[in-house]
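The values are calculated or read from the model by the stated rules, or taken from the named source; none is laboratory data. Not measured: the values here are computed from a predicted model. Neighbour counts are summed over all protein chains in view; Cβ atoms, including those assigned to glycine, are modelled from backbone coordinates with ideal geometry.
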Amino acid sequence: MMRTRPLKVALLGCGVVGSEVARIMTTTADDLAARIGAPVELAGIAVRRAGRVRPGVPEHLITTDAEALVNRGDIDVVVEVVGGIEPSKSLLLSAFEQGASVVSANKALLAQDGTELHAAAAAAGVDLYYEAAVAGAIPLLRPLRESLAGDKVNRVLGIVNGTTNFILDKMDTTGAGYSEALEEATALGYAEADPTADVEGFDAAAKAAILAGIAFHTKVTAADVYREGITEVTAADIASAKAMGCVVKLLAICERAADGESVTARVHPAMIPLSHPLASVREAYNAVFVEAEAAGRLMFYGPGAGGSPTASAVLGDLVAVCRNKLAGATGPGDSLYTRLPAKPMDEVVTRYHVSLDVDDRAGVLAQVASVFAEHGVSIDTVRQQGRDGDASLVVVTHRATDAALSATVDKLRALDSVRDVASIMRVEGE
Ligand SMILES: NC(=O)C1=CN([C@@H]2O[C@H](COP(=O)(O)OP(=O)(O)OC[C@H]3O[C@@H](n4cnc5c(N)ncnc54)[C@H](O)[C@@H]3O)[C@@H](O)[C@H]2O)C=CC1
Ligand SMILES: N[C@@H](CC=O)C(=O)O
Ligand code: NA
């Protein structure tokens with residue numbers, strides 16, 4: 001039977017995502033009510049600046065006082081699509097104190113203070129859901145937390161930032177410049193308010209922390225994630241990847257150590273072979289592989305950014321927390337029982353593509369090769385191209401630790417014959 005008293009929703013933020021949430025809530029109100037078992041009413045929309053034209057958004061609901069909206073005493077669910085740490089964190093804590101459940105898309109906040117926020121939600125007996133925070137529209141956190149709750153996840157690997165995938169894809173396929181591609185991604189609503197978060201890998205690192213925490217049932221924060229963005233990726237790297245039958249992607253990789261005693265989480269650009277399914281992930285799409293002991297390898301794919309896809313995930317959570325409210329229940333919260341420490345990047349083992357500018361003379365190749373050998377880094381292939389007076393040397397290694405590779409590169413830099421270490425990129429997916 002349908003409850004007639006509506007569940008009241010406070011929407012915090014009405015930008016790229018918030019305006020789509022408001023639109024879908026308004027245009028699909030009857031369907032949402034039928035699925036939930038009660039009408040949902042948009043009780044207020046908090047924004048930073050009133051007076052902006054927001055097509056389709058009921059003007060009378062707009063307020064600039066988010067705190068007053070959350071604390072007005074009759075809010076059942078707070079939807080936070082503001083972003084950033086403050087005032088979002090304080091608003092969420094106020095919501096819990098008021099007995100409201102929360103739906104958020106805020107990966108930066110969840111990756112920094114997720115444990116504290118989950119504890120506050122649990123103490124208040126309400127929900128904290130955030131499917132939109134990782135990989136946009138793709139149902140990923142709920143499958144990890146719920147569908148795979150009976151399995152043991154050992155690895156999560158994928159493309160989790162739409163903006164950087166869009167930029168790398170444009171640079172690779174159309175030869176677009178970096179700035180031009182970033183501008184387009186921003187205009188399409190993919191980028192964060194400060195796109196540094198995207199291009200320097202902070203956004204993907206926050207998502208990796210959230211994924212690792214849920215997958216391995218342990219606390220992982222953004223500070224535990226090794227991070228490199230795409231700002232150093234050059235057209236030469238992309239061309240070199242092509243020459244090797246590879247493409248450059250920004251990857252997030254979360255792994256349980258072979259001995260099961262620790263986890264690692266890292267975000268960095270990597271070359272992956274064109275034959276790998278991630279190589280064909282275009283534009284702002286995301287794709288994530290989850291490797292679990294019983295299930296094997298699962299792939300999640302779909303739109304990873306943009307107002308409407310992200311709003312889809314927010315609305316899915318809204319329906320879930322409303323259903324829980326009506327049932328007088330809460331969904332699954334944090335699960336941190338394994339308490340596995342996050343291991344430093346030094347111990348991570350992978351392959352490397354090292355591009356060097358060297359003197360074009362006899363003996364240099366042997367000298368370079370001996371530095372790799374000294375550090376126990378075995379060479380897979382070497383490509384050399386002579387230029388006027390110098391040469392470009394591209395070395396691809398077999399698997400080695402990050403520590404061994406770093407020591408190798410330090411020593412190479414000290415060689416007179418090495419003019420520059422032009423780039424170092426990991427090679428994954430083989
Ligand atoms: N745009 C996307 O593709 C995706 C965004 N997200 C996340 O969703 C959240 C929102 O992102 P966007 O909509 O893209 O950002 P946006 O910058 O377009 O919108 C932010 C909204 O928050 C409001 N706001 C800012 N400070 C405020 C304050 N102090 N009080 C009340 N309102 C305030 C602004 O007025 C604006 O309406 C962020 O956490 C972002 O990381 C998550 C997945 C995808
Ligand atoms: N800026 C983010 C938005 C979605 O999380 C991205 O580009 O992926
Ligand atoms: Na998602």
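What the table shows:
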{"item": "Qualifying position, being more than 10 Å from ligand 1 (Cβ to nearest atom) and surrounded by fewer than 18 Cβ atoms within 10 Å (Cβ to Cβ), among Glu184, Glu200", "result": "Glu184"}
{"item": "Residue in the stretch 4-15 that is in a helix (DSSP H, G or I) and in contact (Cβ under 8 Å) with a residue 60 or more places away in the chain present", "result": "no"}
{"item": "Residue in the stretch 82-104 that is more than 23 Å from Tyr190 (Cβ to Cβ), of a type in the set (A, V, I, L, M, F, W, C) and surrounded by fewer than 22 Cβ atoms within 10 Å (Cβ to Cβ) present", "result": "yes"}
{"item": "Residue count for the stretch 37-68, restricted to those that are out of contact with any strand residue (DSSP E or B) (no Cβ under 7 Å at 6 or more places or on another chain) and aliphatic (A, V, I, L, M)", "result": "2"}
{"item": "Selection within the stretch 236-283 - assigned to a loop (DSSP other than H, G, I, E, B) and within 24 Å of Ala215 (Cα to Cα)", "result": "Ala257, Ala258, Asp259, Gly260, Glu261, Ser262, His276, Val281"}
{"item": "Search result, residues across the stretch 324-358 that are part of a helix (DSSP H, G or I) and either surrounded by fewer than 16 Cβ atoms within 10 Å (Cβ to Cβ) or among the polar types (S, T, N, Q) (or both)", "result": "Asn324, Leu326, Ala327, Asp346, Glu347"}
{"item": "Residue tally, condition touching a residue at least 12 places away in the same chain (Cβ under 8 Å) and part of a helix (DSSP H, G or I), over the stretch 28-47", "result": "5"}
{"item": "Condition check for Thr310: touching a strand residue (DSSP E or B) at 6+ places or on another chain (Cβ under 9 Å), among the hydroxyl-bearing types (Ser, Thr, Tyr) and more than 23 Å from Leu128 (Cα to Cα)", "result": "no"}
{"item": "Residue selected from the stretch 123-155 under the condition surrounded by 16 or more Cβ atoms within 10 Å (Cβ to Cβ) and hydroxyl-bearing (Ser, Thr, Tyr), by the criterion nearest to ligand 3 (Cβ to nearest atom)", "result": "Tyr130"}
{"item": "Exclusive hit being more than 14 Å from ligand 3 (Cβ to nearest atom) and either farther than 22 Å from Ala185 by Cβ or within 15 Å of the chain's Cα centre (by Cα) (or both), set Tyr337, Tyr301", "result": "Tyr337"}
{"item": "Lone qualifier among Leu412, Leu393 - being touching a helix residue (DSSP H, G or I) at 6+ places or on another chain (Cβ under 9 Å), of a type in the set (A, V, I, L, M) and assigned to a strand (DSSP E or B)", "result": "Leu393"}
{"item": "All positions within the stretch 402-430 that are farther than 19 Å from Pro269 by Cβ and either modelled with pLDDT under 95 or under 29 Å from the mean Cα position of the chain (by Cα) (or both)", "result": "Ala403, Ala404"}
{"item": "Some residue of the stretch 140-162 being at pLDDT below 95, part of a helix (DSSP H, G or I) and within 15 Å of ligand 1 (Cβ to nearest atom)", "result": "no"}
{"item": "Complete set of residues in the stretch 57-73 that are in contact with a helix residue (DSSP H, G or I) (Cβ under 9 Å, 6 or more places away or on another chain) and not aliphatic (A, V, I, L, M)", "result": "Pro58, Thr63, Glu67, Asn71"}
{"item": "Unique residue being outside the structural domain of His217 (by the TED database) and under 30 Å from Arg419 (Cα atoms) when the list is Asp317, Asp402", "result": "Asp402"}
{"item": "Qualifying positions in the stretch 310-347 - within 16 Å of ligand 1 (Cβ to nearest atom) and of a type in the set (S, T, N, Q)", "result": "Thr310, Ser312"}
{"item": "Failed criterion for Cys322 (all others in (1) farther than 24 Å from Ser101 by Cα; (2) away from ligand 3 (no atom under 11 Å from the Cβ); (3) touching a residue at least 40 places away in the same chain (Cβ under 8 Å) hold)", "result": "(1)"}
{"item": "Cross-chain or 6+ apart pairs with Cβ under 7 Å, the stretch 383-407 first and more than 24 Å from Asp360 (Cα to Cα), then in a strand (DSSP E or B)", "result": "His398/Arg351; His398/Asp380; Arg399/Val349; Arg399/Thr350; Arg399/Arg351; Ala400/Val349; Ala400/Tyr352; Thr401/Val349"}
